[in-house]
Amino acid sequence: MISTSIEDAVHLLQNGQLVAFPTETVYGLGAVALNAQAVARIFEVKRRPHFDPLIVHVATAEQAFALSAERSRLAERLAEAFWPGPLTLVLRKIPAVPDIVTSGLGSVALRVPAHPMALQLLVALDAPVAAPSANRFGRVSPTQAAHVQADLGAEIPLILDGGACQKGVESTVLSLLNERPTLLRPGATAREDIESVIGAIAVAPGTPAQLHSPGQLTSHYAPRTPMQPLSLESLPGASERVGLLAMQPRSTAGYAAVEVLSSTGNLLEAAAELFSALRRLDSQHLDRIVCEMPPEHGIGVAINDRLARGCQH
Ligand code: TXA
Ligand code: MG
């Protein structure tokens, strides 16, 4: 059921049930993080492999650091600069964080989301919430309550409706486990912005900026319709129905369906529209989708990452 009742959401979570809720990035599928059985349901409902750890959401930096075994000046500076907001920090965990949340790792991913409804929920519940994106594993992430309803509505009791997500791509995941902070997933907080606060960071092998062949990417964020990057070879043939996902207005001759993510080529606007537009194209029975890749800076890095993974089938 789609609802705006924080009270009902708190009640369900306290009883070990799952609740989908809005964040500024994408909708999350939440369970009380310290309740291992409730968290296990997340994996069942998402059909997510157990070796993929979850992000734990809390209302304040204090609550985040309470789940971490150490507290560094570096983590504090990042928290001050970016929380609430779309930055996830990977820190050493305290034993109370269940193995099912972290896939048995000694670390935990933590973030304070910026969406007012997510914060209201976390404050009212007064407990950390483990939540991946509220979509079936590997599929396009949800940025509206209706997306969650379409994917998982039959299996979860409540979807909190907080409107369309403002950022539209997931949080940036940064590990502080090693001497040098390491980017594990590009996301809605730009690498440039992080580096302006803490200086140069490393990029983990396997993150797109480090990859030479897109074949090394695992399929994720994928529409059901095959998708490929826009190029001379991917132009529509005469007998095909091809959809175009464009960052900005461009020639659309020959396409059966077109989504333009920003009328001015603004990457923040494009990110916010990305997953909704992909879902719309995916519902139109196209033979394939071609996508224009944005420039590799700011949030464009995260858009590139999601599109490149969506192109892997
Ligand atoms: O914006 C977001 O981050 C959204 C909203 C709901 O907060 N959540 C999200 O969760 O995207 P999910 O589960 O789809 O992605 C979690 C990412 C994965 O790439 C996972 O591998 C990484 O965080 N992660 C979680 N815990 C980790 C850990 N202990 N060490 C390294 N990576 C971790
Ligand atoms: Mg996800």
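The values are calculated or read from the model by the stated rules, or taken from the named source; none is laboratory data. Because the structure is predicted, anything quoted here is derived from the model rather than measured. A quick note on method: Cβ atoms are made from the backbone with ideal geometry, for glycine too, and the neighbour counts reach across all protein chains shown. Ligands, DNA and RNA are excluded from the accessible area calculation, which covers all protein heavy atoms including side chains. Shrake-Rupley method; radii C 1.70, N 1.55, O 1.52, S 1.80 Å.
Table for the structure above
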| quantity | calculated |
| --- | --- |
| Hey, residue 157 in contact with a helix residue (DSSP H, G or I) (Cβ under 9 Å, 6 or more places away or on another chain), assigned by TED's automatic domain parsing to the domain that holds residue 9 and away from ligand 1 (no atom under 14 Å from the Cβ) or not | yes |
| Residue count for segment 1-55, restricted to those that are of a type outside the set (Val, Ile, Thr) and not in a helix (DSSP H, G or I) | 27 |
| Residue list for segment 34-59, restricted to those being in contact with a Pro (Cβ under 6 Å, 6 or more places away or on another chain), within 15 Å of ligand 1 (Cβ to nearest atom) and within 21 Å of residue 124 (Cα to Cα) | 56, 57, 58 |
| Residues located in segment 86-104, provided they are in a strand (DSSP E or B) and over 24 Å from residue 24 (Cβ atoms) | 92, 93 |
| Count of residues meeting criterion [closer than 17 Å to residue 156 by Cα and crowded, with 18+ Cβ neighbours inside 10 Å] in segment 122-142 | 9 |
| The listed residue being within 23 Å of residue 22 (Cα to Cα), more than 12 Å from ligand 1 (Cβ to nearest atom) and among the acidic types (Asp, Glu), out of 62, 70 | 62 |
| Test: residue in segment 256-270 that is outside the structural domain of residue 167 (by TED's automatic domain parsing) and under 13 Å from residue 229 (Cα atoms) | no |
| Tally of residues being away from ligand 1 (no atom under 12 Å from the Cβ) and open to solvent by less than 30 Å² (accessible area, probe 1.4 Å) across segment 84-116 | 1 |
| Per-region count, segment 167-183, residues within 18 Å of residue 106 (Cβ to Cβ), surrounded by fewer than 24 Cβ atoms within 10 Å (Cβ to Cβ) and more than 13 Å from ligand 2 (Cβ to nearest atom) | 7 |
| From the options 12, 78, residue that is open to solvent by 30 Å² or more (accessible area, probe 1.4 Å), away from ligand 2 (no atom under 16 Å from the Cβ), farther than 25 Å from residue 275 by Cα and in contact (Cβ under 8 Å) with a residue 12 or more places away in the chain | 12 |
| Residues that are open to solvent by 50 Å² or more (accessible area, probe 1.4 Å) and under 21 Å from residue 106 (Cβ atoms), drawn from segment 19-52 | 34, 35, 50, 51 |
| Members of segment 111-132 found to be part of a loop (DSSP other than H, G, I, E, B), of a type in the set (A, V, I, L, M), more than 16 Å from ligand 2 (Cβ to nearest atom) and under 18 Å from residue 38 (Cβ atoms), listed by number | 127 |
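Every residue, every condition in (1) at pLDDT below 80; (2) surrounded by fewer than 12 Cβ atoms within 10 Å (Cβ to Cβ); (3) among the hydroxyl-bearing types (Ser, Thr, Tyr), yes or no:
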{"residue": "195", "(1), (2), (3)": "no, no, no"}
{"residue": "200", "(1), (2), (3)": "no, yes, no"}
{"residue": "204", "(1), (2), (3)": "no, no, no"}
{"residue": "207", "(1), (2), (3)": "yes, no, yes"}
{"residue": "210", "(1), (2), (3)": "yes, no, no"}
{"residue": "213", "(1), (2), (3)": "yes, yes, yes"}
{"residue": "221", "(1), (2), (3)": "no, no, yes"}
{"residue": "228", "(1), (2), (3)": "no, no, no"}
